[in-house]
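Report on the structure given below.
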Amino acid sequence: MFSNYSFITEYWPLFMHGLVTTIELAVISIVLGLLLGIALAVMKMSKSNLLSLIAKTYIGFIRNTPLLVQIYIVYIGLPQLLGFSVNDFVTGIVALTLYSGAYIAEIIRSGIQSLPVGQTEAAESLGIPSYRILLNIILPQAFKNILPALGNQLIGNVKDSSLVSVLGITDIMFAAQTVRGSTALGLEPMIIASALYLVICLILNQILALFERRMRHDA
Amino acid sequence: MLELRHVTKKFGNNTVLHDINLKVHNGEVVVIIGPSGSGKSTLIRHMNLLEQPTSGKVLFQDKIISGSISKKAQQRVHENIGMVFQHFDLFPHFTVRQNISYAPRVVKHLSKSQTDRQSTELLKEMDLENKADAYPDQLSGGQQQRIAIIRSLAMNPKVMLFDEPTSALDPEMVEEVLKSMKKLAKSGMTMVVVTHEMGFAQEVGSRVVFVDRGHILEQGTPDEIFHHAKHERTKNFISKILYT
Ligand SMILES: Nc1ncnc2c1ncn2[C@@H]1O[C@H](COP(=O)(O)OP(=O)(O)O)[C@@H](O)[C@H]1O
Ligand SMILES: [Mg+2]
């Protein structure tokens, strides 16, 4: 019953296009999410109660609501906020960035807090400005510690990106749905989709393991 | 040069320093001793803005540096008052030379050739010139602490603070760090040193201050404190550090 894979020849380009889109979604949103995460982590740890509260509230909201709901909020809310329509791919990137940024913020915060407080105090007592302490002293050390967690987040982004196909973004999931709609096949296109996700994630795991080993040797 | 005036410090309900008055004059080497938990670290940390007094004032060169002061005033404190910590706190992802040169580069905007020359010179003085390209974790504790001293000196401070600089070291490395500190004291540097190294205090200390449960119980020349202390608690403490 799972033997009807002749659709592959016809739809292979669609799946390959979907694969590229999925990777783009994951990579762009992890990079932007990293920037957002750094900003949120700094806000949450800041001496200003207001900034800290804003960050806490935001992170709490993201972590305690479903991604699918957030995607719809961005899809409907973003054009209203900006006053012009937004292309679906950008909408997907924004939603995934807002989502992963909250999780990355928590990763970064724990990475920073695991460093000895003496690092900051030594830097302060030398008169080094606080933005430089953050960028050149604290973050580089924190990143070493949190690289595995960030890698997991990247893999999470690959998988979570499948949800944005509801916006009509032509990722792997969208290709599978298209095949389902136009061939009346049920399981087969989903099996192809999961195989593609699996391949991406397994390759990423290998790359990350390599990175980690390299980092450990450098240290 | 440095002064604590009626400084009281509370952490929550816990009063750690009670009405501390202490003046450090130009060229003096003030040694602070006292039992663990008596408030020595808290006291010395008031001298470079790492702690703020709950009440009272801290002055540097007759200007108030406690409370909310301008960024520029904070900068003046950091550039003129160096600090060496118990656990060295070198930047582990920087080489020795980068550790020494980073602050002069970004704070004083010295050029790379200037800081290279300076770091080479300082390393030579400490017999560490072959370690310029090493990372901190490739060095012994004693070497790391001497690099930490150099890192502070590279800012050309007028005062150097030391908070138990040898207490995290293996015994055989204590002497090399003390030697560097003695050399610095003899060069005329104003120093405030929390330490129980009596030899150091005897040789270069101008004054010994005994801190007990958040009070300065007594102070005087090394000879006065170590051999002719007035208070029983001081005598007890001294005999403890002498015979352990
Ligand atoms: N940041 C802090 N928060 C709360 N309590 C502190 C803090 N720093 C020091 N203390 C308390 O203040 C007291 C004095 O500590 P400290 O100055 O480190 O003593 P010492 O250096 O003489 O061992 C201790 O009881 C310590 O627990
Ligand atoms: Mg202490």
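The values are calculated or read from the model by the stated rules, or taken from the named source; none is laboratory data. Everything numeric in this text was worked out from a predicted model, so none of it was measured. Backbone-built Cβ (ideal geometry, glycine too); neighbour counts: all protein chains shown. Remember, those area values only see protein heavy atoms, side chains included, never the ligands or the DNA or RNA. Shrake-Rupley method; radii C 1.70, N 1.55, O 1.52, S 1.80 Å.
Here the simple spin-label model places points 7 Å from the Cα toward Cβ, and for residue B:215 and residue A:46 these points are separated by 4.4 nm.
Taking label points 7 Å from Cα along the Cα-to-Cβ direction, residue A:65 and residue A:84 give a separation of 2.6 nm. Counting Lys and Arg as +1 and Asp and Glu as -1 over every other residue whose Cβ lies under 15 Å from the Cβ of residue A:89, the net charge comes to -3. Taken along the Cα-to-beta-carbon direction at a fixed 7 Å, the label points for residue B:11 and residue A:4 span 7.2 nm. Ligands, DNA and RNA are left out, and with a 1.4 angstrom probe the accessible area of the protein assembly as shown is 49 Å² per residue. In plain terms, the chain from residue B:68 to residue B:116 could stretch by 13.7 nm, reckoned as 0.36 nm per residue minus the Cα-Cα distance. If you take all other residues with their beta carbon under 14 Å from the beta carbon of residue B:115, and give Lys and Arg +1 and Asp and Glu -1, the sum is +4. Our helix-only sum for chain B, with -39,500 (n - 2.57) per DSSP H run of n ≥ 4 divided by its residues, gives a mean residue ellipticity at 222 nm of -12000 deg cm²/dmol.
Using only atoms on other chains, find how many Cβ atoms lie within 10 Å of each Cβ of peptide B:69-82 and report the average.
Mean number of neighbouring Cβ atoms from other chains: 2.
Can you tell me what the convex hull of the Cα atoms of chain B projects to on average, as an area in nm²? Across all orientations, chain B yields a mean hull projection of 13.4 nm².
Going by accessible surface with a 1.4 Å probe and the largest first, B:151, A:213, B:213 read B:213, A:213, B:151.
In this assembly, the B-A interface accounts for approximately 1600 Å² of buried accessible surface in total, computed with a 1.4 Å probe and without ligands, DNA or RNA.
Mean per-residue shielding of peptide A:127-137 is 4, counting Cβ atoms of other chains within 10 Å of each Cβ.
With N the number of residues in the protein assembly as shown, Rg(Cα) / (2.2 N^0.38 Å) evaluates to 1.31. How large is the helix-only mean residue ellipticity at 222 nm for chain A, computed as the sum of -39500 (n - 2.57) over DSSP H runs with n ≥ 4, divided by its residue count, in deg cm²/dmol to the nearest 500? So the helix-based figure for chain A works out to -27000 deg cm²/dmol. For the protein assembly as shown, the share of accessible area belonging to carbon and sulfur comes to 57 percent (1.4 Å probe, ligands and nucleic acids excluded).
Measure nothing fancy, just the Cα-based angle from helix B:232-242's long axis to the longest principal axis of chain B, in degrees from 0 to 90, nearest 10. Computed tilt is about 40 degrees.
Normalised by the number of residues in chain B, the average gap of Cα pairs under 8 Å and 6 or more apart makes the relative contact order 26 percent.
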